[in-house]
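There's a structure below that I have some questions on.
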Amino acid sequence: MNIVCIIQARVGSTRLPGKVLKKICGKTVLEHDIDRIKRVKNIDKIVIATTTLDKDDVIVQEAKRLKISFFRGSEDDVLSRYYYAAKENNTDVVVRVTSDCPLIDSEVTNATIQLYLDNTEKYDYVNNTIQKTFPRGLDTEVFSFDVLERAFNEATSVRDREHVTSYIWDNPQLFKLGCYKSSRDYSELRWTLDTIEDLQLITTIYSYLYNKNKNFLTSDIIRLLQEHPSIKEINKGIVQKIV
């Protein structure tokens, strides 16, 4: 079984252009993403899925520098980009994460994948966000290539083509959905990167934790926020864009 993590990445961003190439502790956000995903035991290969636009040549250059495979596809039809990236890499199981999550937790991602692998008869698709219990920014989705292919062939709306998996989780009558949940509800916390305030928060967290332990986990961040609650205020007013 070939388990491939496909990370979508592009330079374009309406609220924070070039965000995945911003530097935190001397490394780009994309490099931090990859470093953290490399620690996930259940992943065989990482692929960066970017667009064919000239401005995303820098994403390809970064992937090459980091010695990570890449695929270039449609800017707007991200579902097709994922489908062809998965097909090109002979993928059996797709793990989907986005490049704006430099605090993604390898243990959470691994457990989400394991829940899927242990329940392939029960679930077609597993994520850790159907019931939001984790901080936003740890998002992981797991599904088979067959499920991705079905979505690719059947989804027609602009929304479903853009957001890759919305056709799947919007149709529980077609797909069996599962969710990996935290034992405590941390869903009010925002650790994703979409605005300058998000970047300030994530940079602050890295400044406290990264040099002590490059593989710091969610529990380490929670402990930090308990000790320094003012950090949470940095991006408190940011509203998440709705899919």
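Tyr180 is checked against (1) modelled with pLDDT of 95 or more; (2) surrounded by fewer than 18 Cβ atoms within 10 Å (Cβ to Cβ) and fails just one. What number does that condition carry?
(2)
Are there any pairs with C-beta distances below 8 angstrom linking a residue in the stretch 211-235 that is closer than 20 Å to Lys38 by Cα to a residue that is among the small types (Gly, Ala, Ser) and open to solvent by less than 30 Å² (accessible area, probe 1.4 Å), with the two at least 6 apart or on different chains, and if so which?
That search, which allows pairs on different chains as well, returns Asn215/Ser106; Leu217/Ser106.
With the requirement that a residue be closer than 19 Å to Met1 by Cβ and surrounded by 19 or more Cβ atoms within 10 Å (Cβ to Cβ), what does the stretch 31-41 give you?
Ile37, Val40
For residues that are open to solvent by 40 Å² or more (accessible area, probe 1.4 Å), farther than 13 Å from Leu138 by Cα and either within 17 Å of the chain's Cα centre (by Cα) or not β-branched (Val, Ile, Thr) (or both), tally how many sit in the stretch 189-219.
Counting residues in the stretch 189-219 that are open to solvent by 40 Å² or more (accessible area, probe 1.4 Å), farther than 13 Å from Leu138 by Cα and either within 17 Å of the chain's Cα centre (by Cα) or not β-branched (Val, Ile, Thr) (or both) gives 9.
Just one of Arg184, Arg190 is over 20 Å from Val94 (Cα atoms), among the charged types (D, E, K, R) and touching a Lys or Arg at 6+ places or on another chain (Cβ under 7 Å); which is it?
Within the list Arg184, Arg190, the selection yields Arg190.
Still on this structure: Scan the stretch 71-88 for residues that are over 10 Å from Ile6 (Cβ atoms) and open to solvent by 20 Å² or more (accessible area, probe 1.4 Å) and jot them down.
Arg72, Ser74, Glu75, Asp76, Asp77, Tyr84, Lys87, Glu88
Kindly indicate which of Val58, Val97 is within 20 Å of Ile113 (Cβ to Cβ) and either aliphatic (A, V, I, L, M) or under 13 Å from the mean Cα position of the chain (by Cα) (or both).
Answer to the selection: Val97.
So that you can scan it fast, the table gives a plain yes or no per residue for (1) of a type in the set (Lys, Arg); (2) open to solvent by 20 Å² or more (accessible area, probe 1.4 Å); (3) in contact with a Phe, Trp or Tyr (Cβ under 9 Å, 6 or more places away or on another chain):
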position	(1), (2), (3)
Lys19	yes, yes, no
Val29	no, no, no
Ile43	no, yes, no
Asp56	no, no, no
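Can Thr91 be described as buried (at least 17 other Cβ atoms within 10 Å of the Cβ) and more than 24 Å from Gln173 (Cβ to Cβ)?
So Thr91 passes the test.
The values are calculated or read from the model by the stated rules, or taken from the named source; none is laboratory data. This one's a predicted model, so the numbers in the text were calculated from it and none came from an experiment. Here the Cβ is made from the backbone with ideal geometry for all residues, glycine too, and neighbour counts use every protein chain on show. The accessibility values were calculated without ligands, DNA or RNA, using every heavy atom of the protein model including side chains. Shrake-Rupley method; radii C 1.70, N 1.55, O 1.52, S 1.80 Å.
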